[in-house]
There are 2 protein chains.
Amino acid sequence: ALEGNEEELIKLLGEYHASEIAILFSKIPLESQKRIINLLPAESASEVLSEMDFEAHPEELLLELDPERRQEIVEELDYDDATDIIAQLDEEDQQEILQDLDTEDASNIRNLLSYKEDSAGGLMNTQLIKIYANMSKKQAIDEIIQQSEEIEEFYTVYVVDESDTLKGIISLKNLIKAKASVKVADLINEDFIYVKAQVDQEEVADLISQYNLTSIPVVDDDMKLLGRVTFDDVIDVLEEENTEDMLKISGVSEDEELSGNWQAAVKSRLPWLLINLVTAFLASSVIRYFEPTINHLIILPAYMTIIAGMGGNTATQALAVTVRRITLSDLSDNQAYSTVIKEFTVGLVNGAVIGLVLFLVAFFYDSNPMLGLVIFIAMAGNLIIAGLAGSTIPLILKRIGIDPAIASSIIITTFTDVFGFLLLLGLASKLLL
Amino acid sequence: ALEGNEEELIKLLGEYHASEIAILFSKIPLESQKRIINLLPAESASEVLSEMDFEAHPEELLLELDPERRQEIVEELDYDDATDIIAQLDEEDQQEILQDLDTEDASNIRNLLSYKEDSAGGLMNTQLIKIYANMSKKQAIDEIIQQSEEIEEFYTVYVVDESDTLKGIISLKNLIKAKASVKVADLINEDFIYVKAQVDQEEVADLISQYNLTSIPVVDDDMKLLGRVTFDDVIDVLEEENTEDMLKISGVSEDEELSGNWQAAVKSRLPWLLINLVTAFLASSVIRYFEPTINHLIILPAYMTIIAGMGGNTATQALAVTVRRITLSDLSDNQAYSTVIKEFTVGLVNGAVIGLVLFLVAFFYDSNPMLGLVIFIAMAGNLIIAGLAGSTIPLILKRIGIDPAIASSIIITTFTDVFGFLLLLGLASKLLL
């Protein structure tokens, strides 16, 4: 369909929403993206760019365009979207794009570029509707209608004083419902949620989600209104944070792009594997220490792998549940304590059940009940340690201010390997030789 | 602070948002929750209940209240929130609560209870603003103001015909901006996104997120307007789906409540461990088969644990990246193919680097260069298999319509255990004996 003549293609494109074209762009080469963007009206083109996932690299597409066309499209973009895209470019390319824009647009974007990308300031849009407290109902509605010409969607109307200090919010519904004689000051809601520009985006997302807000105002330290973050930005942040958590807990660096190339993936994952290699030598040295024991009882390695594997899996289970729980809400001391007790109990029960199965195998298949007993104790003990490690390590990391998700399964399974081998081989050397 | 006299407590509670009290409720016993709920005005009490996480069991609190107080609170709840809470109760308790309500409320809630909990119908709220296409601007605004008395927040005004068939949406902004002579029909936007009631909640969340909607209308098969789902419900759905994915990929049943007791956790996790036990016996039998080889070269178990551990970690990394990528967007055949090639390459490179480290250890520490060569080949081979398994298995599951996250690290590490042992011990028996 991308091959047809231009008129047909333009007609076809008209039937799709910008977000659908953005998804298409993640699957076709840059040259085809460029061709399509150039066929779209500037407004639609800007929507497509703003809907493109950052992993689809809208900034590369933007850079590919003719300067004039590029300027046209950037001027149609919301400031926050323009900033997000331009921020991905290096300094020189940023300047090249900004110098073509009109002074007001350029200075607005330069201003937004100065905030950290993952802060409220980096996430906010400076386009919003604001009115003054001393306006009448009629003045306020006229002002809102006029300001809304520039803005696609607005959800909240902000009330400020002469120096742009945020005084409160007002709902359009209440304004419409109000009698003609009412002033803005009478309708103002002064009990509202706001964030400072330097606040982390995760906190912004939590606030919007907790208080079911469509948007949240962003202010500086003097309560001067700087912009607003809307719920749709926050949905993106939540998905981003969830991706980072899932990567971290699996021992992948949080910045790895899901669709990145193999070089980037090696750079992101090899360091974690090398850390794990160091800890694996620990488990390995336990085995070396007990070499004489293994030499006497050559069946032991066949059980070692089961005990280590089960320990790793149990620790991973406890870790996932605990990390996810910490992510969704802070735990009180009591809750943290009862989480650890719970994981201890789960490890004990699961360890006893699986230990019993292995006892029966050792008894009937290997005809060695004493070996069965050693394996039973090692399995139960290892799964208890697995439950304790999987729950306490993320809880402790959280308390000392480190992201609990870095207690990845990679780190935690070493614990269970070392301890599992120590228990099994130590008991075997005492009881079976 | 919970101990003070009632007046002080009431004053204190007045300073908190409902969602803050809801968080407090997740940390205090049912008796204290009941005491506080009874001190709040019915409207605030209903907000607290609707903000409570389902894991905090608002339905248990509701059941604890006096019938009269309960009725008062349920009548203040939005129908969708009331339904979500009541749906957690058993049939008998549901009837007890519904019979106290007035007929209209009860029938609305009964109707909502008939939809599957995780469908658009189960998620939707039946309270919304709807107007008719033939209304004048003035009639429409009057109608909107009147209907909005009952509704906390509305984001979109729906336009229907006499038989409640959804014809389009209209933005309040455009209505206000319009000239007095304009009719609703002139402003109607007929190109809107909607969902059928039976659609899965995950799809509803994707639509709201993709098109940046504040709400989405829910219709039956004849386009009759049934209700709407709002963005705040969708944020909850996204968090829920993300929790399920993280649990599944870690081998925990997706229904396990994060704050559940140990009995529930054993029930959710033991089956996965038992499945893994079966596959662990496979890895174990590979070791048994090569017992004579190990007997000849007793250093082998010390290296086996490192090769198995690294394989498991590499597979987990590939799995997390691939599953997360599939979750966020469907992959084309080309993308799926290049994902697999990428993971193959990453496995090869990481395997070669780590294999080299182990080669050096075997060379210098164990003075056995031939053993080092075998270990190098086994490590590189195993990490290639790990990358391939971690990427192809979730991709295949997705193609045949199974949730890719169940290709949990538990399942996938067995692959690498079996293959890693086969490679290492097989090569050792050929080359080193």
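Of the residues that sit in the range B:187-201 and are in contact with a Lys or Arg (Cβ under 9 Å, 6 or more places away or on another chain) and closer than 17 Å to B:VAL159 by Cβ, which one is surrounded by the fewest Cβ atoms within 10 Å (Cβ to Cβ)? In this case the residue turns out to be B:GLU190. Is there a residue being within 11 Å of chain A (Cβ to nearest Cβ) and over 32 Å from the mean Cα position of the chain (by Cα) anywhere in the range B:157-173? Yes. Taking the criterion of being in a loop (DSSP other than H, G, I, E, B) and either touching a helix residue (DSSP H, G or I) at 6+ places or on another chain (Cβ under 9 Å) or among the acidic types (Asp, Glu) (or both), the residues of the range B:1-40 that qualify are B:ALA1, B:LEU2, B:GLU3, B:GLY4, B:GLU15, B:TYR16, B:HIS17, B:SER26, B:LYS27, B:ILE28, B:LEU40.
Quickly run through the range A:380-433 and pick out the residues that are within 14 Å of chain B (Cβ to nearest Cβ) and over 28 Å from A:ARG269 (Cα atoms). Correct list: A:ALA380, A:ILE384, A:LEU422, A:LEU424, A:LEU425, A:ALA428. Being surrounded by fewer than 22 Cβ atoms within 10 Å (Cβ to Cβ), more than 7 Å from chain A (Cβ to nearest Cβ), farther than 30 Å from A:PHE25 by Cα and over 34 Å from the mean Cα position of the chain (by Cα) is a property that does not hold for B:LEU371. From the list B:VAL184, B:VAL219, the lone residue that is under 19 Å from B:SER114 (Cβ atoms), modelled with pLDDT of 90 or more and in the same structural domain as B:ASN134 (by TED's automatic domain parsing) is B:VAL219. If you filter the range A:140-170 down to residues that are free of Cβ contacts under 8 Å to residues at least 12 places away in the same chain, of a type outside the set (A, V, I, L, M) and outside any loop (DSSP other than H, G, I, E, B), you find that the one that is farthest from A:GLU240 (Cα to Cα) is A:ASP142. Of the set (1) in contact with a Leu (Cβ under 7 Å, 6 or more places away or on another chain); (2) crowded, with 22+ Cβ neighbours inside 10 Å, all apply to A:GLY420 but (1).
Annotation for the range B:60-68: no member residue is in contact with a strand residue (DSSP E or B) (Cβ under 9 Å, 6 or more places away or on another chain), of a type outside the set (Val, Ile, Thr) and either surrounded by 21 or more Cβ atoms within 10 Å (Cβ to Cβ) or not in a loop (DSSP other than H, G, I, E, B) (or both). Checked against the criterion of being farther than 24 Å from A:ASP84 by Cβ and more than 10 Å from chain B (Cβ to nearest Cβ), the range A:238-253 has no qualifying residue. One residue alone among A:ILE97, A:ILE86, A:ILE129 is among the β-branched types (Val, Ile, Thr) and within 21 Å of A:LEU166 (Cα to Cα), and that residue is A:ILE129.
I'd like the residue in the range B:209-260 that is without any contact (Cβ under 8 Å) to a residue 12 or more places away in the chain and closer than 19 Å to A:VAL229 by Cα and, out of all such residues, is farthest from the chain's Cα centre (by Cα). Restricting to residues being without any contact (Cβ under 8 Å) to a residue 12 or more places away in the chain and closer than 19 Å to A:VAL229 by Cα, the top hit is B:ASN212.
When you look at A:PRO29, is it free of Cβ contacts under 8 Å to residues at least 24 places away in the same chain and surrounded by fewer than 15 Cβ atoms within 10 Å (Cβ to Cβ), yes or no? So A:PRO29 passes the test. A:ILE402 falls short on exactly one of the conditions (1) within 30 Å of A:ALA336 (Cβ to Cβ); (2) in a helix (DSSP H, G or I), and that condition is (2).
Against the definition (in contact (Cβ under 8 Å) with a residue 12 or more places away in the chain and aliphatic (A, V, I, L, M)), how does B:ILE385 come out, yes or no? Spelling it out, B:ILE385 is indeed in contact (Cβ under 8 Å) with a residue 12 or more places away in the chain and aliphatic (A, V, I, L, M).
Across the range A:274-333, the qualifying residues are those that are in contact (Cβ under 8 Å) with a residue 60 or more places away in the chain and within 15 Å of B:ILE307 (Cβ to Cβ), and the one among them that is farthest from the other protein chains (Cβ to nearest Cβ) is A:THR279. So which residues in the range B:345-368 are of a type in the set (Ser, Thr, Tyr) and within 11 Å of another protein chain (Cβ to nearest Cβ)? Residues satisfying the conditions are B:THR345, B:TYR365. Take B:LYS267 and decide whether it is without any contact (Cβ under 8 Å) to a residue 40 or more places away in the chain, surrounded by fewer than 16 Cβ atoms within 10 Å (Cβ to Cβ) and among the basic types (Lys, Arg). Considered against the rule, which asks whether it is without any contact (Cβ under 8 Å) to a residue 40 or more places away in the chain, surrounded by fewer than 16 Cβ atoms within 10 Å (Cβ to Cβ) and among the basic types (Lys, Arg), B:LYS267 comes out as yes. Test B:ASN125 against the stated conditions and say whether it is closer than 13 Å to B:ASP233 by Cβ and more than 12 Å from chain A (Cβ to nearest Cβ). Taking the combined requirement at face value, the residue satisfies it. The set of residues from the range A:202-227 being more than 14 Å from chain B (Cβ to nearest Cβ) and under 17 Å from A:TYR155 (Cα atoms) comprises A:PRO217, A:VAL218, A:LEU225, A:LEU226, A:GLY227.
Taken over the range B:175-201, residues that are touching a helix residue (DSSP H, G or I) at 6+ places or on another chain (Cβ under 7 Å) and within 13 Å of chain A (Cβ to nearest Cβ) amount to 5.
The values are calculated or read from the model by the stated rules, or taken from the named source; none is laboratory data. Keep in mind the model is a prediction, meaning the values are calculated, not measured. Methodologically, a virtual Cβ is constructed for each residue, glycine included, from the backbone with ideal geometry; neighbour enumeration extends over all protein chains shown.
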